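Heads up, the thing below is written out as structure tokens.
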Amino acid sequence: MTSGPAPAGPAAGPAFDAVVLAGGTGRRLGGAAKPEVTLHGRRLLDHALGATAGAGRVVVVAPPAVDVPAGVVRALEDPPHGGPVAGVAAGL
């Protein structure tokens, strides 16, 4: 008895989603907006987003003043300036 090839399983999709925390007051940077700080010609936010390559959904938790690229979901922490726990909760 012969059989054909095994049926294909579900298509492999992204194995993870990503949440990027891009807020904070920037006190240690003299009040600069951390996501907008430039390093080697690119914003810190863009460096972080580069590390999310291959993610299914990318969520950036950032204030409205920060430009977020198309295709990236923006979330706002509640309460504003609530710290990393509020940022993670907003991103999830």
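Taking segment 22-37 as the region of interest, how many residues are closer than 19 Å to Val72 by Cβ and over 17 Å from the mean Cα position of the chain (by Cα)?
The first filter runs over segment 22-37 and keeps only residues closer than 19 Å to Val72 by Cβ, leaving 22-24, 33-37.
This time we only want the ones that are over 17 Å from the mean Cα position of the chain (by Cα), so: none.
Final tally of qualifying residues: 0.
Quick one: how many residues across segment 83-92 are in contact (Cβ under 8 Å) with a residue 24 or more places away in the chain, among the aliphatic types (A, V, I, L, M) and not in a loop (DSSP other than H, G, I, E, B)?
Number of matching residues: 2.
Restricting to segment 17-41, name every residue that is out of contact with any helix residue (DSSP H, G or I) (no Cβ under 7 Å at 6 or more places or on another chain) and modelled with pLDDT of 95 or more.
Asp17, Ala18, His40, Gly41
Could you grab me the full set of residues in segment 49-75 that are surrounded by 14 or more Cβ atoms within 10 Å (Cβ to Cβ) and of a type in the set (A, V, I, L, M)?
Hits for segment 49-75 are Leu49, Ala55, Val58, Val59, Val60, Val61, Ala62, Val66, Val68, Val72, Ala75.
Look at segment 71-83 and say how many of its residues are under 21 Å from Ala55 (Cα atoms) and modelled with pLDDT under 95.
1
The values are calculated or read from the model by the stated rules, or taken from the named source; none is laboratory data. Keep in mind that this is a model prediction, so the values were computed, not measured. Because the Cβ atoms are built from the backbone with ideal geometry, glycine has one as well, and the counts that use them run over all protein chains shown.
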